[in-house]
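The values are calculated or read from the model by the stated rules, or taken from the named source; none is laboratory data. The structure presented is a predicted model; accordingly, all values stated were derived computationally and were not measured. When we count neighbours, we look across all protein chains shown, and the Cβ atoms used for this are built from the backbone with ideal geometry, even at glycine. Just the protein is used for accessible areas: all its heavy atoms, side chains included, with ligands, DNA and RNA removed. Shrake-Rupley method; radii C 1.70, N 1.55, O 1.52, S 1.80 Å.
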Amino acid sequence: MIKPGICSITFRDETPESLIQLSSEAGLVGIEWGSDVHVPLEDLENARKVGDQTREAGLEVAGYGSYYMGRESADEEPVPFEPILQAAEALGAPVIRIWAGSLTQEKSETHFESVVRRSREAAAMAADKGIEVAFEFHRNTFTETLEEALRLMEAAQHPNLKMYWQPPHGSPLEQRLQEIEAFKGCLSNIHVFHWEGAPKPPFPRLALSEGTDLWKPCLDSIAAIPDDRYALLEFVPNNSVEQFQQDAQTLISWLS
């Protein structure tokens with residue numbers, strides 16, 4: 001089953017309480033809480049509070065969106081995974097999303113080997129807590145393409161390592177379906193958005209309904225894969241609450 005939800009980073013300026021209310025009113029099921037604003041690593045009391053508030057509202061914690069390895073530079077000490085795991089456990093998150101390398105570092109073999117080692121260690125640590133770890137399928141990392149992502153998963157080879165999926169900007173339907181098929185054995189949650197294809201950022205955001213021909217076949221394909229997961233709205237045009245409400249209804253209609 002695919003459950004409709006939202007990434008909290010879609011509305012960084014909203015409080016957790018406001019975001020929970022917006023999500024509930026829109027008919028969504030889950031929220032992936034981000035570590036950058038709403039559930040920072042260093043505040044475990046807040047993490048527990050946000051998790052409890054989510055569940056008390058009848059919603060589910062879909063995951064913990066961390067930036068582990070994503071923002072590190074080559075000349076600084078690697079960020080430890082322990083605080084991320086502690087925050088995710090306090091939140092009650094079933095999965096921690098991590099980055100497959102840093103956006104600021106060259107994708108060298110040395111960097112690749114470091115990502116393999118650290119992701120494997122993170123997956124083992126999280127497994128002891130009953131929490132999965134999943135890479136973000138994202139440009140400028142070692143999951144930028146399907147081939148790179150599969151190479152990383154093969155090198156890491158840990159049963160607790162999964163893969164989020166989101167469509168590369170401007171990619172055709174055939175490519176998207178090929179990626180979903182390739183990830184079906186390790187697929188975690190899905191980030192849902194519809195952005196206009198462009199050679200580089202910023203990518204113009206479009207109403208989700210304009211992407212029906214691309215998204216509906218993808219979600220139908222994902223729905224055939226065993227296990228539950230979340231389709232999480234990520235960003236809306238102009239950060240508009242009204243557009244979010246429309247996109248939420250579009251997503252729900254696709255999944256119904």
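Across the range 38-52, what is the number of residues that are open to solvent by 50 Å² or more (accessible area, probe 1.4 Å) and not in a loop (DSSP other than H, G, I, E, B)?
Qualifying residue count for the region: 5.
Confirm whether ARG120 is in contact with a helix residue (DSSP H, G or I) (Cβ under 7 Å, 6 or more places away or on another chain) and assigned to a helix (DSSP H, G or I).
yes
Looking at the range 95-111, which of its residues are of a type in the set (A, V, I, L, M, F, W, C) and over 18 Å from VAL79 (Cβ atoms)?
The one that is of a type in the set (A, V, I, L, M, F, W, C) and over 18 Å from VAL79 (Cβ atoms): VAL95.
Looking only at the range 78-110, count how many residues are of a type in the set (S, T, N, Q) and buried (at least 16 other Cβ atoms within 10 Å of the Cβ).
2
Results for (1) closer than 30 Å to GLU144 by Cα; (2) modelled with pLDDT of 95 or more, shown as yes or no for each residue.
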| site | (1), (2) |
| --- | --- |
| SER18 | no, yes |
| GLY30 | yes, yes |
| ARG48 | no, yes |
| GLY51 | no, yes |
| GLY65 | yes, yes |
| GLY70 | yes, no |
| GLU76 | yes, no |
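State yes or no: is SER188 open to solvent by 20 Å² or more (accessible area, probe 1.4 Å), at pLDDT 95 or above and not charged (D, E, K, R)?
No; evaluated as a whole, the condition is false for this residue.
Could you list, ordered by first residue, the pairs with Cβ atoms under 9 Å in which the first is in the range 157-169 and open to solvent by 50 Å² or more (accessible area, probe 1.4 Å) and the second is of a type in the set (Phe, Trp, Tyr) and part of a loop (DSSP other than H, G, I, E, B), at least 6 apart or interchain?
The qualifying pairs are HIS169/PHE203.
List every residue pair whose Cβ atoms lie under 6 Å apart, where the two residues are 6 or more positions apart in sequence or sit on different chains, the first residue falls within the range 175-197 and is part of a loop (DSSP other than H, G, I, E, B), and the second residue, located anywhere, is charged (D, E, K, R).
CYS186/LYS162; PHE193/GLU234; HIS194/GLU210
Within the range 67-83, track down each residue that is closer than 17 Å to ALA124 by Cα and touching a residue at least 24 places away in the same chain (Cβ under 8 Å).
TYR68, MET69, PHE81, GLU82, PRO83
Does the range 105-112 contain any residue that is within 17 Å of the chain's Cα centre (by Cα) and closer than 30 Å to ASP43 by Cα?
No, the range 105-112 contains no residue that is within 17 Å of the chain's Cα centre (by Cα) and closer than 30 Å to ASP43 by Cα.
Return the residues of the range 53-77 that are assigned to a helix (DSSP H, G or I), closer than 15 Å to HIS38 by Cα and either in contact with a strand residue (DSSP E or B) (Cβ under 9 Å, 6 or more places away or on another chain) or open to solvent by 60 Å² or more (accessible area, probe 1.4 Å) (or both); say none if nothing qualifies.
THR54, the sole residue that qualifies.
State all residues of the range 202-256 that are in a helix (DSSP H, G or I), under 20 Å from LEU177 (Cβ atoms) and open to solvent by 30 Å² or more (accessible area, probe 1.4 Å); if no residue qualifies, say none.
Of everything in the range 202-256, those that are in a helix (DSSP H, G or I), under 20 Å from LEU177 (Cβ atoms) and open to solvent by 30 Å² or more (accessible area, probe 1.4 Å) turn out to be GLU210, THR212, ASP213, LEU214, LYS216, PRO217, ASP220, SER221, ALA223, LEU255.
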